[in-house]
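Let me begin by presenting the structure, written as structure tokens, before commenting on it.
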Amino acid sequence: MGAACSSISKSKVPTKEQEKLKKSKIIFVVGGPGSGKGTQCEKIVAKYGYTHLSSGDLLRAEVKSGSARGKKLAEIMEKGELVPLDTVLDMLKDAMLAKVAKSSGFLIDGYPREVKQGHEFEKKIAPASLLLYIDAGAETMTKRLLKRAETSGRADDNAETIKKRLDTYYKATEPVIAMYEGRGIVRKINAEGSVDQVFEQVCAALDTLK
Ligand code: ADP
Ligand code: MG
């Protein structure tokens with residue numbers, strides 16, 4: 001993160017970008033590891049032109065940079081645990097502010113992972129318009145992740161960490177879905193089928209936003 005970006009996000013006077021962000025279309029894309037969030041987001045970007053931000057990808061980029069913060073993050077992620085709330089939120093906000101001038105909306109992939117993350121995001125950035133719940137069973141997710149492991153090079157795509165990530169997901173993230181269901185913005189997508197079958201449902205959900 002550049003110094004300029006963090007000074008923007010901490011400034012008390014809202015900038016033009018911050019004002020625009022508050023009015024942007026924001027879609028949370030939530031689902032377990034390997035449910036197909038990234039795959040569907042790529043297709044959404046191609047069809048709808050939204051900006052895709054994966055919290056996991058932002059964090060992995062930080063790890064790859066070799067920074068001190070990256071080293072701490074690597075330890076947490078290899079254990080299958082969640083990274084501290086403020087770290088993820090700051091990274092997301094900076095990435096969003098950098099893109100907001102040219103963006104018609106944002107896909108926030110893999111966030112919120114826990115109820116508190118959802119509250120903080122909406123307090124500090126903007127309210128979400130929709131939550132796409134990419135729903136696949138544990139068996140399907142495990143199978144996909146083990147297959148992804150063959151090419152992903154991700155340190156957390158191994159049998160032991162996958163089990164922990166699924167456990168973290170059910171404990172921390174399922175309550176997120178319940179919370180937004182209460183607000184009526186959840187669209188549940190059956191993610192057991194082929195990529196195209198899943199995408200058909202995703203489009204139907206997104207088309208309600210227009
Ligand atoms: P996530 O971002 O939710 O962790 P990914 O989009 O990376 O999940 O998908 C995990 C793996 O499963 C990838 O290797 C992807 O190619 C594969 N995959 C995604 N969606 C499907 C699907 N509907 N059917 C079969 N494989 C899928
Ligand atoms: Mg992903």
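Look at THR15 and say whether it is open to solvent by 20 Å² or more (accessible area, probe 1.4 Å) and away from ligand 2 (no atom under 16 Å from the Cβ). Step through it out loud before you land on a result.
Numbers: open to solvent by 20 Å² or more (accessible area, probe 1.4 Å): yes; away from ligand 2 (no atom under 16 Å from the Cβ): yes.
Answer is yes for this residue.
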Output the number of the condition that GLY38 fails; it satisfies all remaining conditions of (1) free of Cβ contacts under 8 Å to residues at least 40 places away in the same chain; (2) under 21 Å from SER152 (Cα atoms); (3) within 15 Å of ligand 1 (Cβ to nearest atom).
(1)
Any residue at all in region 85-94 that's away from ligand 2 (no atom under 16 Å from the Cβ) and buried (at least 20 other Cβ atoms within 10 Å of the Cβ)?
yes
Would you mind telling me which numbered condition in (1) open to solvent by 50 Å² or more (accessible area, probe 1.4 Å); (2) modelled with pLDDT of 95 or more; (3) within 17 Å of the chain's Cα centre (by Cα) LYS47 fails?
(3)
So which residues in region 56-68 are over 21 Å from ARG165 (Cβ atoms) and either part of a helix (DSSP H, G or I) or in contact with a Phe, Trp or Tyr (Cβ under 6 Å, 6 or more places away or on another chain) (or both)?
SER65, ALA68
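Where in region 109-180 are there helices (runs of 4 or more DSSP H), lying wholly inside it, with at least 1 residues that are at pLDDT 95 or above, more than 15 Å from ligand 1 (Cβ to nearest atom) and acidic (Asp, Glu)? Even if it seems obvious, please write down each step before you answer.
Values: elements: 115-124, 138-152, 159-168.
Output list reads 115-124, 159-168.
May I ask you to say which residue of VAL88, VAL83 is free of Cβ contacts under 8 Å to residues at least 40 places away in the same chain and in a loop (DSSP other than H, G, I, E, B)? Break it down into steps so the answer makes sense when it comes.
Values: VAL88 fails: in a loop (DSSP other than H, G, I, E, B).
Every option except VAL83 fails the conditions.
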Qualifying residue in region 156-164 (condition: under 21 Å from LEU59 (Cα atoms), within 17 Å of the chain's Cα centre (by Cα) and open to solvent by less than 60 Å² (accessible area, probe 1.4 Å)):
yes
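The values are calculated or read from the model by the stated rules, or taken from the named source; none is laboratory data. All values reported here derive from a predicted model rather than from experimental measurement. Note that each Cβ is placed from the backbone with ideal geometry, even for glycine, and that neighbours are counted across all protein chains shown. Note: areas computed on protein heavy atoms with side chains; ligands, DNA, RNA excluded. Shrake-Rupley method; radii C 1.70, N 1.55, O 1.52, S 1.80 Å.
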